[in-house]
Amino acid sequence: MSKFEDIKLLRVNYLRGPNIWTYRSVLETWLDLGKLEDFPSNKLPGCNDRLVAMLPALTEHHCGVGERGGFLQRLTEGTWCGHVLEHVVIELLNLAGMPTGFGQTRSTSQHGLYRMVFRARDEQVARTALEHGHRLLMAAINDEPFDVPAAVEKIREQVDDSYFGPSTAAIVAAATDRRIPHIRLNDGNLVQLGHGARQRRIWTAETDRTSAIAENIACDKDLTKTLLKSCGVPVPEGQLVKSPAEAWEAAQDIGLPVVVKPSDGNHGRGVVLDLRTQADVEAAYTLAEQHGSEVIVEQYIRGEEHRLLVVGGKVVAAARGETAWVTGDGRLTVNELIDAQINSDPRRGDNEDFPLARLKAAEDGAILSDLQRQGLMPASVPGAGRKVLIQRNGNVAIDCTDHVHPEVDHVVSLAARVVGLDIAGVDLVCEDISKPLAAQGGALVEVNAGPGLLMHLKPAEGTPRPVGRSIVDHLFAEHETGRIPIVGVAGSRDTATIARLVAWLIHLSGRHVGLACREGLWLGSRRVERGDCVRWEAGQRVLMNREVTAAVFENTPELILRDGLAYDRCQVGMVTDMDGVEALAHYDLREPEQMTKVLRTQIDVVLGDGAGVLNAADARVAELAELCDGEVVFYAAEDNAAAAAAIAEHREKGGRAVLVRNDRIVFATGLTKTIGPSVSAACSHARLGAHALVAAVAAAWAFGISPELIAAGIETYSPEA
């Protein structure tokens, strides 16, 4: 059989917010199968076997069958290549360490053309996975070689380049578990948790509560020790020195053995322990000088190094280090022994996905120093049976949280408070963490800002600790979600006018309102951008503003199809109509009935304690009521039979509605009514139509604004404001 031409990727679009597929971000790809439209998987000889040989874990995919092996069953029965590509991409992402389970593939109105989507936490990672998944599938179809490990490595490299580091990812995941939204503020690890005035910010394991003064104190090791000592925290005696000769003099004053380290270094760089001779001390000074602005000589504390994580004044995790040794065999060099006996441990690697780092003697001054004191170099060959010290107190990745003595907990928490850090990694050395420090001569040696969390998330030994959750709980009280109330107005009829009037009414209730609509972007009473701002980026600008306490967004069907909503959930979600399908042929929408799937997105994201506001005069809009997690408020500016019947039934069940009777707005709750302002007078004053007026009133009432304030707000509203 001749080879098939590649499946064509006609359009690739990243949907950042809730969309017609799911609540979360996805990569949507339009596929042209070409001749493969006539060849489902059961008509491609050998393809299924080749595919499973390349990706054995496809056997775990449930697919629509709902059980393990479901996707293989679909392959055997015959499924189209767009669906196969979906599963190939998902599996590549799983192998690259960014697991996902969501994907869908749907045919379009055009022969051989499909829309395929899959969950995408990061756009560039998703595009890379799509590229390699596409190549893999074509190789399987055409019986060509394909390097799966190389493809997975390329995707993994993109994950490392584009996605959060492990510490940030753990905090964001914990926030997501608590239904706290997040916005990434740069290409790195600066993240906003929550929206508007209720937001908090993190940068890896630092927060907007982390004091700059405290961070500078922590960077100055000598100042840190002085402050800790003044509060009764045990610290090793030490001196700042300015030359190798001063270092040796200080070592003699303090008493051997000593430690030499940079005063403002980090990650243990330039630190050499257990120094006993003048030559070793002077050599260690030269090394430490390369890693900091000043050098400290301090008392050597016997024992193992420990790292305790303090969050909000409490110790939430602890890890212990251990000394790394190799044993000579008379044949291999020190470097070769390190690779064979230490770096071969599968827990070791060169990136943050591994709990332990690979040791490289030639690149680590502290390792070189210890080797030299043993009369060795990296290329030396130790005799058979000789034990060689490679690293002292490295690999702080053995969980010991449950063994921390209460007195140690108190001293460590005190140290973090003395320095002033809300999140701190406190290093101490002692022989037994389950005993008080004073009794064993233990001491705190460093207090670090922005500590790494990986050793607690993925310890080499012991129980992983939920430190991401601890940080989120530190930033947000138990009842807090970081959310500001959001109103979304979706449809095509009067939506900009409705959004502006709703924003005005909320403003009168005392809130600082952000508004994004086709007439511009407002922050409070200031219009900061003119023109069409029905864009995902404009919505994010509103949600990032620290002064905004409520937000209103106009959402068109095209926005939902092109970008997704700018927010994940809302307090009030309105749908005005199902019109406008004629302008959406580019998205393969051709029938009015298809608009329901698009505009239901706005109702799908209404919070359980929120409200969906629906136009009862449009039967298709009114039917969305059953999809709303929150309360439903109907409105009708027209007194037609369909609207009257829907509202009557809704009121019989105790529901709320806004309608018009005898030219007056009526606020109805069950069988009770409150008469509002004149429709004709209000429309004349505010220069808007009856539909826009009634819809805005319904949204404001659903938001929680009283009928009296709504009436006063309409009287003071001006479109030019």
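The values are calculated or read from the model by the stated rules, or taken from the named source; none is laboratory data. Model, not experiment: these values are computed from the prediction. Reconstructed Cβ throughout: ideal geometry from the backbone, glycine too, with neighbour counts over all protein chains shown.
Before moving on, here are some points about what is shown:
- Selection status of P459, under 17 Å from E322 (Cβ atoms) and either touching a helix residue (DSSP H, G or I) at 6+ places or on another chain (Cβ under 6 Å) or modelled with pLDDT under 95 (or both): yes
- The requirement of being part of a loop (DSSP other than H, G, I, E, B), crowded, with 18+ Cβ neighbours inside 10 Å and modelled with pLDDT of 95 or more is fulfilled nowhere in region 662-669; no residue meets it.
- Answer from V581, V613, V572 - the residue that is surrounded by 16 or more Cβ atoms within 10 Å (Cβ to Cβ) and without any contact (Cβ under 8 Å) to a residue 40 or more places away in the chain: V581
- Summed over region 276-304, residues that are touching a residue at least 60 places away in the same chain (Cβ under 8 Å) and either buried (at least 22 other Cβ atoms within 10 Å of the Cβ) or within 18 Å of C430 (Cα to Cα) (or both) total 10.
- Qualifying positions in region 326-359 - among the polar types (S, T, N, Q) and without any contact (Cβ under 8 Å) to a residue 60 or more places away in the chain: T333, N335, Q341, N343, S344
- Scan of region 426-455 for residues that are closer than 21 Å to L223 by Cα and of a type in the set (A, V, I, L, M, F, W, C), ordered by number: V426, L428, V429, A443, L444, V445, V447, A449
- Single match in D161, D208 (criterion: within 20 Å of the chain's Cα centre (by Cα), modelled with pLDDT under 95 and among the acidic types (D, E)): D161
- Only one of the listed residues (V472, V528) is crowded, with 19+ Cβ neighbours inside 10 Å and β-branched (V, I, T). That residue is V472.
- Some residue of region 169-178 being surrounded by fewer than 18 Cβ atoms within 10 Å (Cβ to Cβ) and part of a loop (DSSP other than H, G, I, E, B): yes
- Residue ID - farthest from the chain's Cα centre (by Cα), chosen from residues in region 1-42 that are among the polar types (S, T, N, Q) and assigned to a loop (DSSP other than H, G, I, E, B): S2
- Subset of region 401-430 that is in a loop (DSSP other than H, G, I, E, B) and in contact (Cβ under 8 Å) with a residue 60 or more places away in the chain - its residue that is surrounded by the fewest Cβ atoms within 10 Å (Cβ to Cβ): V404
- Residue check for E638: at pLDDT below 95, charged (D, E, K, R) and not in a strand (DSSP E or B): yes
- Any hit, region 379-393, residues being within 23 Å of G165 (Cα to Cα), crowded, with 18+ Cβ neighbours inside 10 Å and in contact (Cβ under 8 Å) with a residue 60 or more places away in the chain: no
- Taking the criterion of being assigned to a helix (DSSP H, G or I) and surrounded by fewer than 21 Cβ atoms within 10 Å (Cβ to Cβ), the only residue of region 475-506 that qualifies is A496.
- Odd one out for I433, checked against (1) crowded, with 18+ Cβ neighbours inside 10 Å; (2) assigned to a loop (DSSP other than H, G, I, E, B); (3) within 30 Å of the chain's Cα centre (by Cα): (3)
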